[in-house]
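To start, the structure itself, in structure tokens.
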Amino acid sequence: MFGRSKIQNDDLKAAWVCEEFPVIAVNSVQFQRIALPAAWRILTELFRRHGSTHKLRLLHSHPGISYAGQLRLFVDPTPDAVTESLQLVMNIAGETGRFEIQRDFQQMTNGDYLQPALQGNLAMTLETIERAFGWATPALLPPSSPDVLVMRLIAEVLTAACLDINNIGVETAWFDWSGGCKVQTWVEQFGVDANAINLKLHSGASWDSCFMGVSNLVRIGVVADDTMLSDGWAFNLDSGIAIGTNGSQPSQRFYVKDLYEKCGRRMEHVAAHVLAKLRESTH
């Protein structure tokens, strides 16, 4: 299993993503499940280190391979040129455990992030990515912002659940696959009109501008038969609010920072609360 986060103070230099990971034997299904939390831990650390100086946006895409697909991190995207921005692509399915750094979908470098994670050397992968981006590791980290706390919470949940019988997945508000693109209806919990954005897209509006309008929204839930169940937790990275859903109706909401403080700044306790609700949805 992955190591548990030990961060209690936001000004610690140590990167929790770089803790030692025990080497474990896994089958092919477990290998893919472990890829997601490993990738998310890398993305979280990039948010922690560089989110205050760069605009970072996520896209979960699954172009016909499987639900797992890819996670894309866009660096300083603009509403008229998202795909031309610098981006990190983490393969969860397909070439599972591989990453690429691209600009305008042209590969600049690539490597393996999963084997180093299983061998306790994820720090090396992180340093490779930072070098390719031209980023220096900051000597001190700023106080955790709402988006960093959400990223850390999701990482804790994915890590704790990666070998569960029920697979926990993550998706972004923008549904991107080989058959087309659309904004998912669960964004309406945040006051976003999904139909209006989808109509705008189908009327000829640019992909980039439509995506940027919902690029701060992510959701986690149980995945069954390559589909995420309706019960889950949706998050706004900008505000740090979490909304639990039961079917199509919101059932509970909280600010991640508030619960984090209430839990003594121990993110694993916040994750246990979220994960318990996810497990309830399968019973």
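The values are calculated or read from the model by the stated rules, or taken from the named source; none is laboratory data. Note that this is a predicted model, so its numbers are computed, not measured. Here the Cβ is made from the backbone with ideal geometry for all residues, glycine too, and neighbour counts use every protein chain on show. Accessible surface is based on the protein model in full, side chains and every heavy atom, while ligands, DNA and RNA are left aside. Shrake-Rupley method; radii C 1.70, N 1.55, O 1.52, S 1.80 Å.
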- Item | Residue, nearest to the chain's Cα centre (by Cα), within the range 33-84, restricted to residues that are open to solvent by 10 Å² or more (accessible area, probe 1.4 Å) and polar (S, T, N, Q) | GLN70
- Message: I'd like the full set of residues that are touching a strand residue (DSSP E or B) at 6+ places or on another chain (Cβ under 6 Å) and more than 10 Å from ARG57 (Cα to Cα), limited to the range 215-226.
- Response: VAL218, ARG219, ILE220, GLY221, VAL222, VAL223
- Considering only strands (runs of 3 or more DSSP E) fully contained in the range 39-95, which possess at least 3 residues that are within 23 Å of VAL223 (Cα to Cα) and in contact with a Leu (Cβ under 8 Å, 6 or more places away or on another chain)? 56-61, 70-75
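Looking for whichever is touching a helix residue (DSSP H, G or I) at 6+ places or on another chain (Cβ under 8 Å), at pLDDT 90 or above and hydrophobic (A, V, I, L, M, F, W, C) here; the options are VAL222, VAL192, VAL214. Which one fits?
On the way: VAL222 fails: at pLDDT 90 or above; VAL192 fails: touching a helix residue (DSSP H, G or I) at 6+ places or on another chain (Cβ under 8 Å).
Being touching a helix residue (DSSP H, G or I) at 6+ places or on another chain (Cβ under 8 Å), at pLDDT 90 or above and hydrophobic (A, V, I, L, M, F, W, C) holds for just one of VAL222, VAL192, VAL214, which is VAL214.
Here are GLN119, GLN106: which of them is open to solvent by 70 Å² or more (accessible area, probe 1.4 Å) and touching a residue at least 24 places away in the same chain (Cβ under 8 Å)? Don't jump to the end; show me each part of the working.
On the way: GLN106 fails: touching a residue at least 24 places away in the same chain (Cβ under 8 Å).
Going through GLN119, GLN106 in turn, just one is open to solvent by 70 Å² or more (accessible area, probe 1.4 Å) and touching a residue at least 24 places away in the same chain (Cβ under 8 Å): GLN119.
Would a scan of the range 124-140 turn up a residue that is small (Gly, Ala, Ser), more than 19 Å from LEU58 (Cβ to Cβ), assigned to a loop (DSSP other than H, G, I, E, B) and in contact (Cβ under 8 Å) with a residue 24 or more places away in the chain?
Going through the range 124-140, the residues small (Gly, Ala, Ser) turn out to be 132, 134, 136, 139.
Remaining after also requiring more than 19 Å from LEU58 (Cβ to Cβ): 134, 136, 139.
If we keep only those that are assigned to a loop (DSSP other than H, G, I, E, B) as well, we get 134, 136, 139.
Now drop any that are not in contact (Cβ under 8 Å) with a residue 24 or more places away in the chain, which leaves 139.
Yes - at least one qualifying residue is present in the range 124-140.
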- What are the residues in the range 244-266 that are buried (at least 19 other Cβ atoms within 10 Å of the Cβ) and at pLDDT below 95, if any? GLY244, THR245
